Every structure is written in structure tokens, then in C-alpha cells.
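Asker: I have a structure I would like to understand better, so I am pasting it below and will then ask my questions one at a time.
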Amino acid sequence: MLFASIVAIIVSLALIIMVLKEPTIKIKGREVTTFWIFPLLGAITLLIFNAVPLNYVLNSFQSNANMNPIKILVLFLSISLLSISLDELGFFKYLANAALKRFNKNQFSLFFVLYGLIAVLTMFTSNDIIILTFTPFICHFAKNAKINPIPYLVMEFIVANTYSMTFSIGNPTNIYLSQSFNISFLEYFKIMALPSLFAGITSLFVILLLFKNDLRAPINASYDLDIKIKNKKMMVINLVHLIVTTILLVISNYIHIEMWLICLISASSLTIFLTISSIIHKDNSLLKNTYKHLPYNLIPFVLSMFIIVLALDYTGASQYVASFINNFCNTKASTTITYLIVSTLSDNLINNIPMSVFFSSILSSGGTYQMSAIYATIAGSNIGAYLTPIGALAGIMWMSLLKKQNVQYRFIDFVKYGSIIVPFVLLATFLGLFIAI
């Protein structure tokens, strides 16, 4: 147990340092993030020294259970493909541009429109895609209109990491934890809809109070960027795939088809249409760019962290942590608030994906209020992203984008606003979970 725990701690510390330094390497002129390297080295070390038997790991990877990491990665990458292809078609940029052009006379009206647009799109796609798409447009508009971009950027980041709780496909952590405990798409939504709504409304009011003076300033210029959909027929086909996939995920429990298989079939079908389109138009850039921008770095990251957690579970470390946490969980209320706070803070020690992998083992210990603990951990895996950039990969990407856009937003600024918003959102989420479960 000691050796596996030491390796896990070293990997966590290395991960924090690498996230803070945002290291990248160039391969054939393309920048590649390296946050997954230390987890991979840690997993290899554990296997070499037999801290976790290779057969034990292979059996877990071949398991028919929903928590099989291969299935979870297939599910997330397939959903990502549906969203990324829409982004490559210019769909999200078109919507953002339309909102900015229509409501660019008053900051409050623009703020609320963008809030609603980001919230809805996040629920049906993913927080990462929305952040990558909307951030450059907000920066461009704010510069052109001579207004402070920070209120909109903070709102965008908080909203994307709040409404990502609504559906199980909104965040890799939602997918991992819900699949680990056989929670269906519809069952998940029934529970998480209310806390997501409570958290979203609460965060909105807090952000408005923080930036009300900035939002009162007039907009001094018009927005002149013109965005067009690159391929309208392909956009319609893509949207149909996304809508049908969402519907099938809702009823997956009734038609007895696993969620990862539904998403894989949908992604495969869309790939066929993208291929046909590239042949007809003699241009494979859409297909090429869609696959190029898939989050492949999550594959070694998730698999490595899964092996590390298997080692901790195999040696009894996760059971020890579970026993300690459960000392504070005597009622539904105490269980919910304990797991909500602990998971939120843990995000910012080891990032929300490793936290979710580790907590899946902790939560397996069961208990009278296990479902409260599971949903509270899912909520914490999303809310934890507010607190520091370490909390989620979305935070790392967002801070990097702001640097490229020459927006001054320091680590301390991230922590300052996150520390103000998180307590209120945690309370609102707790109330929503307590009512819903």
C-alpha cells in the first residue's frame, strides 16, 4: 500500500507542477500537451514493480462493466467528435456571432443572451468545446467594443462548468462516475437537473454582483465580423446526429443498448457522411480537422490514472480513505455536503479526472447514502473547476487561450473569483441534491 501511495502522491505533485507551467512539446510543428506523461510513467512503474498485477489490470480493461475505461473513452471521444465537427463547420461561431451582432447595444442584454446560449450549448455538447469556441469571440468583441472582457470570460467559464453537470455526457467526469455505477442517462438527468439549475442561477447572481459596474459601461463600437456556415447540408446532418444520439441516450436503459455503443455508432455514421462529403467536394479538410482536434491526450491520461487507482484499490489505500471520509457521513445531508466539498477541493489537488477515477473506488464501498455521495462527487468534479486552473483540463486550456488573446488574467485572479463564487454555488448545489435525491 505504501509504495502505490507514494507513486500516486509523486504523480499528483508532478501533475500540479506541469499544469502550472503548462509545458508542451512540438511534434512536426504541432504543440502537444504533456500533462499525461507523469501519470503514464507512474502507471508503468507500478506495473514493473508489481504493485498491481498486470492480469488484474487487463481483466479490468476487458470487463463488461460500465466502468471499463475503454468504453468510457469511446463514449467521450465519440461525443467529442459530434461536437468538434459542428465547431469545424462554424456552427458555434455562427451562433456566437449572431448573438453578439444582435445584442451589442447594451451590455446587460448581451450578457444574458450569451449566458443562455452558452448554458444550452454546454448541456448538449461539452464544456471544453464551448470554452474553446466562445473565448476568442468574446475577446475579439470586447476589444472592438472597448469594454472589459473579464465579466464575459468569467461568466463563460463558470456557466460552461456548471451546466456541464446537467447531462451525463457534459463532462468526462460525469461519464466516468455515472457509468461506473450503472446510472442511466435519464436517471442521471432526473437527479442532476435541479442542482444544475440552482447552481447556474446562483452563479449568475454572484457574477452580476461582482461585475455590475463593468456591465453598466456603454458599448462604444459595433461588431463587424461576418461568420457563415461552411457547409449547411453537412451542418444539418451533424445536428440530426447529435439530436438522435441524445434521444437514444435518454432511452438507452429501455432499449437495452449501452451508452458507449450508441455514441460509437453515431460517430461512425457521421464519419461516413463526412467522408462522402469530402469525396463529393474534393476537400477532406473537415474530416481531417475533426479527427485532428479530438482530445487524444485523454487516452493515456485516463488509462494511466485508472491503473494508479487500481493499484491503490488493490493495496487497500482507497478503502482507508473511504473509511476516513465516511466518518463524517452519518446522514443524507452530512454525506452530501462532505463529498461535495471533498471532491471540489480534491479536483484542485489532482485534477478532476484523476479525482473521479480515484473516488469511483472510494464510492464503491457503498453505505446507506451511497447515491448521495455519488451525485455529490459528480457535482464537485464540475464545480471544482472554478477554484484554480488545476481543477480541470478546461481551466488549463482557458488560461492558455487568454494568454494568446493578450488578456491579462493571472492565476491569482482565477483563484480570487473562484473563491468568491464556489461557496455560494456549493450551497445551492447541496440544496438541489438534497431535494432531488
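The values are calculated or read from the model by the stated rules, or taken from the named source; none is laboratory data. Keep in mind the model is a prediction, meaning the values are calculated, not measured. Using ideal geometry, Cβ is built from the backbone for each residue, glycine included, and neighbour counts are taken over all protein chains shown. The protein model used for the area step is the full one, side chains on, heavy atoms only, and it has no ligands, DNA or RNA in it. Shrake-Rupley method; radii C 1.70, N 1.55, O 1.52, S 1.80 Å.
Matching residues to (1) at pLDDT 85 or above; (2) open to solvent by 50 Å² or more (accessible area, probe 1.4 Å); (3) of a type in the set (Asp, Glu); (4) over 17 Å from Pro295 (Cβ atoms):
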position	(1), (2), (3), (4)
Ala14	no, no, no, yes
Gly29	no, yes, no, yes
Asn50	yes, yes, no, yes
Leu54	yes, yes, no, yes
Val57	yes, no, no, yes
Ala65	no, no, no, yes
Ser78	yes, no, no, no
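Asker: Please find, among Ile350, Ile362, the residue that is modelled with pLDDT under 85 and not basic (Lys, Arg).
Answerer: Just a single option satisfies the conditions, and that option is Ile350.
Asker: Still on this structure, please answer the following. Any residue at all in the range 179-194 that is open to solvent by 20 Å² or more (accessible area, probe 1.4 Å), of a type outside the set (Gly, Ala, Ser) and either over 30 Å from Phe359 (Cα atoms) or part of a loop (DSSP other than H, G, I, E, B) (or both)?
Answerer: yes
Asker: Yes or no: Pro149 in contact with a Cys (Cβ under 8 Å, 6 or more places away or on another chain), open to solvent by 20 Å² or more (accessible area, probe 1.4 Å) and over 28 Å from Val250 (Cβ atoms)?
Answerer: Considered against the rule, which asks whether it is in contact with a Cys (Cβ under 8 Å, 6 or more places away or on another chain), open to solvent by 20 Å² or more (accessible area, probe 1.4 Å) and over 28 Å from Val250 (Cβ atoms), Pro149 comes out as yes.
Asker: Sort out which residues of the range 382-397 are hydrophobic (A, V, I, L, M, F, W, C) and farther than 14 Å from Ser164 by Cα, and write them in order of number. Can you show your working first?
Answerer: Initially, the range 382-397 is screened for residues hydrophobic (A, V, I, L, M, F, W, C), giving 383, 385, 387, 390, 392-394, 396-397.
Answer for the range 382-397, where residues must be hydrophobic (A, V, I, L, M, F, W, C) and farther than 14 Å from Ser164 by Cα: Leu387, Ile390, Ile396, Met397.
Asker: OK, next. What residue, among those in the range 97-107 that are open to solvent by less than 30 Å² (accessible area, probe 1.4 Å) and of a type in the set (A, V, I, L, M), is modelled with the lowest pLDDT?
Answerer: Leu100
Asker: Taking the condition of a type in the set (D, E, K, R) and over 26 Å from Phe414 (Cα atoms), does Asp128 pass?
Answerer: So Asp128 does not fit the description; no.
Asker: I've got another one for you. Considering every residue within the range 205-219, establish whether at least one is closer than 21 Å to Phe359 by Cβ and in a loop (DSSP other than H, G, I, E, B).
Answerer: Checked against the condition, which is being closer than 21 Å to Phe359 by Cβ and in a loop (DSSP other than H, G, I, E, B), the range 205-219 yields no hits at all.
Asker: Related question: Filter the range 330-357 for residues that are open to solvent by 10 Å² or more (accessible area, probe 1.4 Å) and in contact (Cβ under 8 Å) with a residue 60 or more places away in the chain; which is nearest to the chain's Cα centre (by Cα)?
Answerer: Ile353
Asker: In this structure, is Tyr94 assigned to a helix (DSSP H, G or I), farther than 19 Å from Pro151 by Cβ and open to solvent by 20 Å² or more (accessible area, probe 1.4 Å)?
Answerer: Yes: the conditions hold for Tyr94.
Asker: If the Cβ limit is 7 Å and pairs must be 6+ apart or interchain, which residue in the range 359-378 that is farther than 15 Å from Phe328 by Cβ pairs with which residue that is open to solvent by 10 Å² or more (accessible area, probe 1.4 Å) and small (Gly, Ala, Ser)?
Answerer: Hits for this filter: Ser360/Ser180.
Asker: Between Tyr176, Tyr152, which is of a type in the set (Ser, Thr, Tyr), part of a helix (DSSP H, G or I) and over 24 Å from Leu95 (Cα atoms)?
Answerer: Of the residues listed, the single one that is of a type in the set (Ser, Thr, Tyr), part of a helix (DSSP H, G or I) and over 24 Å from Leu95 (Cα atoms) is Tyr176.
Asker: With the structure loaded, tell me whether Thr377 is at pLDDT 95 or above and under 25 Å from Pro295 (Cα atoms) or whether it fails that test.
Answerer: yes
Asker: Next up: Under the condition of being aromatic (Phe, Trp, Tyr) and within 18 Å of Ile396 (Cα to Cα), which residue from the range 292-310 is surrounded by the most Cβ atoms within 10 Å (Cβ to Cβ)?
Answerer: Start the filter on the range 292-310 by keeping residues that are aromatic (Phe, Trp, Tyr), which leaves 296, 301, 306.
This time we only want the ones that are within 18 Å of Ile396 (Cα to Cα), so: 296, 301.
Numbers: Tyr296: 14, Phe301: 26.
Here the residue is Phe301.
Asker: Let me ask another. Picking from Ile378, Ile362, Ile383, Ile420, which residue would you name as being open to solvent by 10 Å² or more (accessible area, probe 1.4 Å), of a type outside the set (Gly, Ala, Ser) and part of a helix (DSSP H, G or I)?
Answerer: After ruling out the rest, the residue left standing is Ile420.
Asker: Next question, about the same structure. For the range 39-48, name all the residues that are surrounded by fewer than 19 Cβ atoms within 10 Å (Cβ to Cβ) and either under 15 Å from Ser361 (Cβ atoms) or within 23 Å of the chain's Cα centre (by Cα) (or both).
Answerer: Selection gives Leu40 alone.
Asker: Would you mind finding the one in Tyr115, Tyr176 that is in contact (Cβ under 8 Å) with a residue 60 or more places away in the chain and more than 14 Å from the chain's Cα centre (by Cα)?
Answerer: After ruling out the rest, the residue left standing is Tyr115.
Asker: Looking only at the range 296-336, which residues are closer than 21 Å to Gly366 by Cα, out of contact with any helix residue (DSSP H, G or I) (no Cβ under 7 Å at 6 or more places or on another chain) and either at pLDDT below 85 or part of a helix (DSSP H, G or I) (or both)?
Answerer: Listed by number, the residues that qualify are Gly316, Gln319, Tyr320, Ser323, Phe324, Asn326, Ser334.
Asker: Report yes if some residue within the range 255-273 is touching a residue at least 12 places away in the same chain (Cβ under 8 Å), more than 25 Å from the chain's Cα centre (by Cα) and over 22 Å from Gln62 (Cα atoms); otherwise report no.
Answerer: Yes: the range 255-273 contains one or more residues that are touching a residue at least 12 places away in the same chain (Cβ under 8 Å), more than 25 Å from the chain's Cα centre (by Cα) and over 22 Å from Gln62 (Cα atoms).
Asker: Looking at this structure, is Ser334 over 25 Å from Met397 (Cβ atoms) and among the small types (Gly, Ala, Ser)?
Answerer: Considered against the rule, which asks whether it is over 25 Å from Met397 (Cβ atoms) and among the small types (Gly, Ala, Ser), Ser334 comes out as yes.
Asker: Looking at Leu110, Leu86, can you tell me which residue is part of a helix (DSSP H, G or I), over 24 Å from Asn171 (Cβ atoms) and open to solvent by less than 10 Å² (accessible area, probe 1.4 Å)?
Answerer: Only one candidate qualifies: Leu110.
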